[in-house]
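I have a structure I would like to understand better, so I am pasting it below and will then ask my questions one at a time.
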2 protein chains.
Amino acid sequence: MPEKISDAEHTVMEVLWDESPLTAQDVAERIPATRDWTANTVKTLLGRLLAKNIIAHEADGRRYLYRPLVQRTDYVAGESKRLIDRLFGGKLTPLVAHLAERDELTAQDIAEIEVLLKGLKG
Amino acid sequence: MPEKISDAEHTVMEVLWDESPLTAQDVAERIPATRDWTANTVKTLLGRLLAKNIIAHEADGRRYLYRPLVQRTDYVAGESKRLIDRLFGGKLTPLVAHLAERDELTAQDIAEIEVLLKGLKG
DNA sequence: CCGTACTGATTACAGCTGTAATCGTATCGA
DNA sequence: TCGATACGATTACAGCTGTAATCAGTACGG
């Protein structure tokens, strides 16, 4: 049911999740400069997202306004779960352990997570 | 530099990470039954992984033995980082917070992570 | 010695992706 | 009114992916 969002499409989605509805041109202007896309490329991606029912558009005069149909939270949940399932047997602990082992957690990260978990227990 | 591993290829890699070196047939036999692949499909994927320099093969008579060149740990690190960068601005805390909000952390998960973090601080 | 079976290599082919260019139509400025 | 613009829609096209089938070489059983 949830159509797959490709990498390039995801870039477009981040723009719309941040602010919407937007015209195609507005979206194009907000795409990070590192992805050196033409306006046409952005329009193609908007078209594909429409076809996949991941965004919708409503007419605004001779142009369209685009808005997400899928919530970012849901997308993020799906992607997180997929990764943790695939690589960590579905458990979060090994992910944290893994990052810790590779020294990819700062003392502050650790402190933050501890506070967060404390809150969850209460 | 690190060539991209596709989803189907990843399935093959998990087999080799679990046990290697293996012949193509051994690999095929160990592929989870849920991926209903023919032996040919597995050989194609082995060939692609070879071409990408992600695995190597050594002759063993008229057949080959395949082994990983990339460590699972490194792959996992890359994928984890990519996800966390893309979806959580590079910080782990929001991922944990996110999973917590969606009730995807059991009490035991929380306890385990706390123990883990305690160990890291000491 | 001959066919059969097994192995890797080559080829196939449709669908998805990244990245546009071009086309058709409507609008706006001169 | 006429050409320049701006938009979305259609078309393009190569590379990657998933999923094989077919081919070519060789070793083994009879």
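The values are calculated or read from the model by the stated rules, or taken from the named source; none is laboratory data. Note that the structure is predicted; figures quoted are calculated from it, not measured. A quick note on method: Cβ atoms are made from the backbone with ideal geometry, for glycine too, and the neighbour counts reach across all protein chains shown. Keep in mind that these areas ignore ligands, DNA and RNA; they rest on the heavy atoms of the full protein, side chains included. Shrake-Rupley method; radii C 1.70, N 1.55, O 1.52, S 1.80 Å.
How about region B:97-122: which of its residues are of a type outside the set (Asp, Glu), assigned to a helix (DSSP H, G or I), more than 7 Å from chain A (Cβ to nearest Cβ) and open to solvent by 70 Å² or more (accessible area, probe 1.4 Å)?
Listed by number, the residues that qualify are B:ALA107, B:GLN108, B:VAL115, B:LYS118.
Do we have A:ARG48 as touching a residue at least 24 places away in the same chain (Cβ under 8 Å), open to solvent by 30 Å² or more (accessible area, probe 1.4 Å), within 13 Å of DNA strand C (Cβ to nearest atom) and of a type outside the set (Gly, Ala, Ser) here?
Judged against the criteria, A:ARG48 is a match.
Can you pull out the residues in region B:51-69 that are under 15 Å from B:THR11 (Cα atoms), among the aliphatic types (A, V, I, L, M) and either within 13 Å of DNA strand C (Cβ to nearest atom) or not assigned by TED's automatic domain parsing to the domain that holds B:MET13 (or both)?
B:ILE55
Would you call B:VAL27 surrounded by 19 or more Cβ atoms within 10 Å (Cβ to Cβ), closer than 26 Å to A:LYS81 by Cα, more than 9 Å from chain A (Cβ to nearest Cβ) and within 14 Å of DNA strand D (Cβ to nearest atom)?
No.
Pick from region B:56-83 the residues that are within 13 Å of the chain's Cα centre (by Cα), surrounded by 17 or more Cβ atoms within 10 Å (Cβ to Cβ) and in contact (Cβ under 8 Å) with a residue 40 or more places away in the chain: which of them is farthest from DNA strand D (Cβ to nearest atom)?
Among those residues, the one meeting the criterion is B:PRO68.
Please verify whether region A:3-25 includes one or more residues that are of a type outside the set (Gly, Ala, Ser), away from DNA strand C (no atom under 16 Å from the Cβ) and without any contact (Cβ under 8 Å) to a residue 40 or more places away in the chain.
The answer is yes, given that some residue of region A:3-25 is of a type outside the set (Gly, Ala, Ser), away from DNA strand C (no atom under 16 Å from the Cβ) and without any contact (Cβ under 8 Å) to a residue 40 or more places away in the chain.
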